[in-house]
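Please read the structure below before turning to the comments.
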Amino acid sequence: MEPVLWIVLGVVLAIAELFTATLFLVMFAAGAFAAAVAAALGAPVAAQALVFAAVSALTVLAVRPVIQRHRTAALTSGDEPFGVAAIEGATALVLEQVDADGGQVKIDGELWSARSYDGIGVFTPGQRVRVIEVKGVTALVWRDDVIGGDVIGGDATGGDLTGGDAR
């Protein structure tokens, strides 16, 4: 029965990591899975707890810094960013009106909940916006002043973002 409890704890921690993307909880999930192996081999509860603590500490202290270093190197070397860093600065298409209370945008084919970055702007469906920041699972957006390299007109209250005078 004890291996099942450790496995459940490991799965819960791994799922929680999906929502935080900090690469911290997954280290404790690894510790829980290691403790499940110890429990399956018949280790007493104290030994299981020790395995959990030791593996969790080792992964946090040894593995996480390596992952963070690679993650930082990828961001500074010009390689493709991943995670939230890949979304910040991206262009999005407004699907449902976005204002201070919420809305919905499409970013690289994915649907995201969104709010106006300054809490005042209102963006109507069909407008292009820029993702300024991501807080949790909500993209904070603002008007996209540059589309295709050209500065265009528009305002935060739903003005023209389609190109203006093209001479």
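Overview of values
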| item | result |
| --- | --- |
| C-alpha center-to-center spacing [segment 116-142, segment 1-73] in angstrom | 36 |
| Residues with amide H under 5 Å from that of A114, placed H, sequence gap 5 or more | G103, Q104, V105, A139 |
| Ranking by accessible area, most exposed first, for I120, I67 with a 1.4 Å probe | I120, I67 |
| Under the Karplus curve 6.51 cos²θ - 1.76 cosθ + 1.60, θ = phi - 60°, whole-Hz ³J(HN,Hα) for segment 59-65, x wherever Gly or Pro sits | 5, 5, 7, 10, 7, 4, x |
| Stretch gain in nm, segment A14-I120, where the contour uses 0.36 nm per residue and the Cα spacing is subtracted | 34.5 nm |
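The values are calculated or read from the model by the stated rules, or taken from the named source; none is laboratory data. Remember, it's a predicted structure, so these values are computed and weren't measured experimentally. Calculation scope for accessible area: heavy atoms of the full protein, side chains included, ligands and nucleic acids excluded. Shrake-Rupley method; radii C 1.70, N 1.55, O 1.52, S 1.80 Å.
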